[in-house]
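What follows is a short report on a single structure.
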Amino acid sequence: MRLQEATWLPLADLLATAHDSPQYNEGSPRSVFYSEAWALVHMLLHGDPKFRTAFSAYARDVSLGVAPDEAWRQQFGSEDVLNDVRRYIRQPTLQAVQYELSEQIARASGVPQSMTDVDVDLTLGEVLVAEGKPDAASLRFDRAVAAAPFSLRGAVDRGLLRSDRQLLTLPATPAPVADWLADYMTAAALLEGGASDEATLTVAREALARCLAVRPDIPNAQVLYASAIDDDTKAVEALRKALAAAPARDDYALDLARALAQQHDYAAARDVLGRVIARPHHPDAREQAFSMMRQVVKAEENAKAAAGAVRPSGTSGPRGSNVRYIYRDLKPGEQRAEGTLERIDCAGRRVTVSVHVGDKVAHYQAPSFDAIQFLTYRDDLNGNIGCGARTPPDRVYVTWIAGDLDGTVVALEFLPKK
């Protein structure tokens, strides 16, 4: 669409747009929204440098919970930015930037898979189910099963569609050729469809075992396998493989932390959750990790209290409790002190952490918020850890190495209340 000829959305409407807004979903308004939004962001990132600084601060404020309109007013004031956008898109050339990433991008290998007519019918049928078109899907499944009565995937797809467990009958003869994709799709349909009886779980486990024997590099196959087996050790092993193959999948990390906690390996679970809290890839992951961290801490307290466990190292739990916590191990060159976290200041790409240690307030820096490892041993710590004052201050262990100011902060451990 030619944006210069369209009726633009007011800035307030642009900032307030959500996933269920008409301009996000419907016809012509959607086209205007996307064009205008892209033009605005392009100008903020590649236009006048003053916009880039304000936009970075705006994005930070919104991520910390400030309402979009209020965050915009704080950073841009009353300036009519849309007029700047109109002038910007009339330029004969636009600036581009080439980024060189400091870290290797994680890649997943892909293998072309030829599809038979049966595969096509089953795949399209599954898409039609997802689109809420069961009648059209049923025709695809019926045709596939008629052409390939040995297809386990076809029997499962058709049975689940009709919500009739009686139809989940296994083919009388096995498929003539092993097919990892069919096995994966069969197991996914059963497990994601809520399979809970032992017979169905057995079918899913066997299908996943066949799939993983050929394609152990499929992360979600490892996750599904972990959910289908009763062996906690093998489940943790499978989830570690999945997370190693897809490190940006915060949901895999949360699954792994949950499995570790079920094994009573609370320290390892906290470590996994701490990495999600420090560097989440999904907008909701940090809050979910905080919530699970509280559950892990509570479970550890209950387990140690029940066992009457006392370990020489560590600090005792709440008054009247015999729980002792095992804190993060110090690495070479690191120092740690107990204090109260007063505030976290974020300025540009630097973060300054202020901790009252002894009779002074020490200031530690970090290159970014993500560079700090956050761990909590409290079950009442609610909300995200963000920039600004901590009210009331939090009792913490601060760990640092030599660096600017009083040092470079490595980790913050939120200690139990006394």
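The values are calculated or read from the model by the stated rules, or taken from the named source; none is laboratory data. Computed from a predicted structure; not experimentally measured. Neighbour counts run over all protein chains shown; Cβ positions are idealised from the backbone, glycine included.
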Considering residues of region 18-50 that are in contact with an Asp or Glu (Cβ under 8 Å, 6 or more places away or on another chain) and at pLDDT 80 or above only, the residue farthest from I89 (Cα to Cα):
D48
Do any helices (runs of 4 or more DSSP H) entirely within region 18-87 hold 2 or more residues that are closer than 23 Å to P280 by Cβ, and if so, which?
27-46, 49-63, 68-76
Those residues of region 1-17 that are at pLDDT 80 or above and either exposed (fewer than 12 other Cβ atoms within 10 Å of the Cβ) or β-branched (V, I, T) (or both) come to a total of 4
Just wondering, is there one or more residues in region 320-333 that are at pLDDT 60 or above and of a type in the set (G, A, S)?
yes
Please determine, by comparing only the residues of region 210-253 that are within 20 Å of H282 (Cβ to Cβ) and among the basic types (K, R), which one is surrounded by the fewest Cβ atoms within 10 Å (Cβ to Cβ).
R240
Within region 126-142, residues closer than 22 Å to Y184 by Cβ, at pLDDT 90 or above and touching a helix residue (DSSP H, G or I) at 6+ places or on another chain (Cβ under 6 Å) come out as L128, A137, R140, F141
Taking helices (runs of 4 or more DSSP H) that do not extend beyond region 196-269, which have at least 3 residues that are among the basic types (K, R) and modelled with pLDDT of 90 or more?
232-245
